[in-house]
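These notes concern the structure reproduced below.
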Amino acid sequence: MFTTRFAPSPTGQLHLGHAYSALLAHDMARSATGRFLLRIEDTDTARCTPAFEAQIYDDLAWLGLTWETPVLRQSDNTGAYEAALESLGNLGLLYPCSCTRGDIRRAASAPQEGAPMHGPDGLIYPGTCRHRRWEDRTDTDAIRLDMAHAVNSLPALPQYTETGVHSALRLTRAHLTDEVGDIVLARRDTKTASYHLSVVVDDAEQGITHVIRGKDLATATPIHVLLQALLGLPTPTYHHHDLIRDDDGKRLAKRDDARAIALYRSEGSTPQDIRRMVGL
Ligand code: GLU
């Protein structure tokens, strides 16, 4: 059955861009007589607050959305991320990393490395700790995926279907090894699974068949499809949609409180007004 989700992080107010994403996913689920689920992506404990989470439920209900309960909260699901990490570690695909951001910046801009390259997660990791073994990890290490090793461990590269706005990105060996590199799967500062790992584990756990999200996240999709293949999880269809922009053409960010749904509500807008504003 068609199953999709809206997966906000409670780090700020929902704005028109979130409204568009949530309404679109909800409408697509309803027209396919499918399921619409909600997931609270609250692994970033330093930035997530209960007040923002409460506001998400309130804004979405006001918009007329209904979703299944219980809602999956990532902070309640850390055991599943640890299990996924463990299984990738046991496959020999992970290594511990003690580099700080400064270490990475310095190593990546060393003269012999050429110009530092940026991937979807920031600077491409120059590989300083790649020789370290998963078994030797300590509590102060981050955990990285050895990308070349991971790609080579698969008999064939996984494929996926993309609908909506097509991104220029392709899931190729060269893209993953040269332009993405050894991404972090568990963070050093918070000891929690990274966005990539938790999303992949949760999409599988929630039985998501269609991931509907903004095209700003299209760069993460090849990473997610790779992780699904490594973990033996199913790959959903990916639908990337256009972004709602402000009057200057910039995409909306959480700090754009001027576009917060709560503000429109307090000024007397109706849910139909919001639908009209986002072009639905
Ligand atoms: N939590 C992410 C965000 O708020 C969305 C994750 C996803 O849709 O995969 O941007």
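The values are calculated or read from the model by the stated rules, or taken from the named source; none is laboratory data. What you are looking at is a predicted structure, and each value in this text was computed from that prediction instead of being measured. Glycine also receives a Cβ, built like all others from the backbone with ideal geometry; neighbour counts cover every protein chain displayed.
Structure summary
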| item | result |
| --- | --- |
| Verdict on D59 being among the acidic types (D, E) and farther than 24 Å from T219 by Cα | yes |
| Looking only at the stretch 243-252, and only at residues there that are loosely packed, with under 15 Cβ neighbours inside 10 Å and more than 12 Å from the ligand (Cβ to nearest atom), the one that is nearest to F6 (Cα to Cα) | R245 |
| Residues of the stretch 153-195 satisfying the condition of being touching a strand residue (DSSP E or B) at 6+ places or on another chain (Cβ under 7 Å), not in a loop (DSSP other than H, G, I, E, B) and not hydrophobic (A, V, I, L, M, F, W, C) | E162, T163, G164, E179 |
| Residues of the stretch 21-58 satisfying the condition of being assigned to a helix (DSSP H, G or I), among the acidic types (D, E) and within 14 Å of the ligand (Cβ to nearest atom) | E53 |
| First in the stretch 131-152 and outside any helix (DSSP H, G or I), second anywhere and surrounded by fewer than 19 Cβ atoms within 10 Å (Cβ to Cβ), Cβ under 6 Å, 6 or more apart | D141/S98; A142/R187; A142/R188 |
| Filter result (within 11 Å of the ligand (Cβ to nearest atom), touching a residue at least 60 places away in the same chain (Cβ under 8 Å) and under 15 Å from I261 (Cα atoms)) within the stretch 1-14 | T11, G12, L14 |
| Residues of the stretch 199-210 satisfying the condition of being near the ligand (Cβ under 9 Å from one of its atoms) and closer than 19 Å to G119 by Cβ | V199 |
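Each row is one residue, and each column tells you yes or no for (1) assigned to a helix (DSSP H, G or I); (2) within 11 Å of the ligand (Cβ to nearest atom).
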site: L197; (1), (2): yes, no
site: I212; (1), (2): no, yes
site: A220; (1), (2): yes, yes
site: H224; (1), (2): yes, yes
site: L227; (1), (2): yes, no
site: L230; (1), (2): yes, no
site: L233; (1), (2): no, no
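Results for (1) of a type in the set (S, T, N, Q); (2) exposed (fewer than 14 other Cβ atoms within 10 Å of the Cβ); (3) at pLDDT below 85, shown as yes or no for each residue.
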| site | (1), (2), (3) |
| --- | --- |
| P111 | no, yes, yes |
| L123 | no, no, no |
| P126 | no, no, no |
| R130 | no, no, no |
| W134 | no, no, no |
| T138 | yes, yes, no |
| A142 | no, no, no |
